[in-house]
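Presented below is the structure to which this report refers.
The values are calculated or read from the model by the stated rules, or taken from the named source; none is laboratory data. Everything quoted here is computed from the prediction, not taken from an experiment. Cβ sites come from the backbone with ideal geometry, for glycine too, and all protein chains shown count toward neighbours. When the accessible area is computed, the model is the full protein with side chains, heavy atoms only, and any ligands, DNA or RNA have been set aside. Shrake-Rupley method; radii C 1.70, N 1.55, O 1.52, S 1.80 Å.
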Amino acid sequence: DVKVTQSSRYLVKRTGEKVFLECVQDMDHENMFWYRQDPGLGLRLIYFSYDVKMKEKGDIPEGYSVSREKKERFSLILESASTNQTSMYLCASSFTLGGGPGYTFGSGTRLTVV
Amino acid sequence: AQRVTQPEKLLSVFKGAPVELKCNYSYSGSPELFWYVQYSRQRLQLLLRHISRESIKGFTADLNKGETSFHLKKPFAQEEDSAMYYCALRWRNDYKLSFGAGTTVTVRA
């Protein structure tokens, strides 16, 4: 029944490491998104993709990059992890414009950078 | 830039009491409004959207364009309503959702 899968539930990485967060959806959605969720700040959009190999910056893209080589997979990359990137990361997917049932979210990856 | 404001970080009510979660948004065009909910140890999920004009789990929300608000209401709160609630907005013909900071609701017995 799981439709948006994030590969890791918990991750602990060291400062300066390159970190990959993976997300896979099986609903044939065109759009995929990466958010970070922080207490008191809500969800903030990092990057999104509306098609394979297409990507657009969200509100807080600094320190992150993304990759979408296949429609079902959207990867978030922390080029050089820092402690202020410790957060819960949520992946989501949706059909394209014009409404629909909104987003489907993954269960999240809690990343700790030490 | 569009903004979604949820003024209450925490809301505590007694079981059976009414509950109202406030959501205001900055005005610029014609938005779609949503409420998402995250129960403990569960993933974030859609609760309702203004276009549907539906009641889900006893919750309703009315879009008030004059006041640019989309408050979520339930007349009789239940303990299982304890969760984090996010208001979200998407402009027409846009891909992405903008979320508020969230309101944690605790329903006490």
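Brief remarks follow.
- Spatially proximal lysines relative to residue A:55 (Cα-Cα < 25 Å; intrachain offsets below 8 disregarded): A:3, A:18, A:70, A:71, B:96
- Prolate/oblate/rounded call for the range A:1-73, Cα gyration tensor, a/c under 1.5 rounded: rounded
- Gap separating the Cα centres of the range B:46-104 and the range B:8-26, nearest whole Å: 11 Å
- Chain A - percent of accessible surface contributed by carbon and sulfur, probe 1.4 Å: 51 percent
- The contact residues of the range B:73-100, meaning those that lose at least 30 Å² of 1.4 Å-probe accessible area when all protein chains sit together rather than their chain alone, are B:86, B:90, B:93, B:95, B:96, B:97, B:99.
- Charging the Cβ of each Asp and Glu at -1 and of each Lys and Arg at +1, and nothing else, the dipole of the range B:67-109 about its Cα centre rounds to 160 debye.
- Both chains summed, the buried accessible area for A and B stands near 1900 Å², from protein heavy atoms and a 1.4 Å probe.
- Between residue B:17 and residue A:86, the FRET efficiency estimated from the beta carbon spacing at R0 = 35 angstrom works out to 0.40.
- Shielding value for A:3-13 is 0, the average number of Cβ atoms from other chains within 10 Å of each residue's Cβ.
- Cα lying deepest toward the dipole's positive end in chain B, options B:21, B:97, B:60, charges on Cβ: B:97
- Cut-off 20 Å, label 7 Å out along Cα→Cβ of residue A:56, residues of the range B:65-109 by amide N: B:88-100
- In this Cβ point-charge picture (+1 for Lys and Arg, -1 for Asp and Glu), chain A has a dipole of about 280 debye about its Cα centre.
- Over chain A, accessible surface divided per residue gives 47 Å², non-protein components excluded, 1.4 Å probe.
- Look at the alpha carbon pairs under 8 Å that are at least 6 residues apart: their mean separation over the length of chain A gives a relative contact order of 36 percent.
- Annotation for the range B:14-109: GluC sites (Glu not before Pro) lying in DSSP loop with at most 15 further Cβ atoms inside 10 Å of their Cβ are B:54, B:67.
- Gaussian network model of chain B, Cα within-10 Å springs - most flexible of B:41, B:92, B:53: B:41
- Efficiency of FRET between residue A:14 and residue B:41 - r from beta-carbon atoms, R0 25 angstrom, step 0.05: 0.35
- Number of partner chain Cβ atoms within 10 Å, mean per residue of A:36-47: 4
- For the protein assembly as shown, a simple Cβ point-charge model (Lys and Arg +1, Asp and Glu -1, everything else neutral) yields a dipole of about 240 debye relative to the Cα centre.
- Largest GNM mean-square fluctuation across A:55, A:71, A:13, computed for chain A with C-alpha springs under 10 Å, falls on A:13.
- Dipole of the protein assembly as shown [Lys/Arg +1, Asp/Glu -1 at C-beta], most positive-end residue of A:82, B:36, B:77: A:82
- Loop-located GluC sites (Glu not before Pro) in the range A:23-65 (DSSP state other than H, G, I, E, B) with a sparse environment of at most 11 neighbouring Cβ atoms within 10 Å: A:62.
- Chain lengthening between residue B:67 and residue B:8 when straightened (0.36 nm per residue, less Cα-Cα): 19.5 nm
- Computed extension length for residue B:51-residue B:92: 13.6 nm, one decimal, from 0.36 nm per residue of separation with the Cα-Cα distance subtracted.
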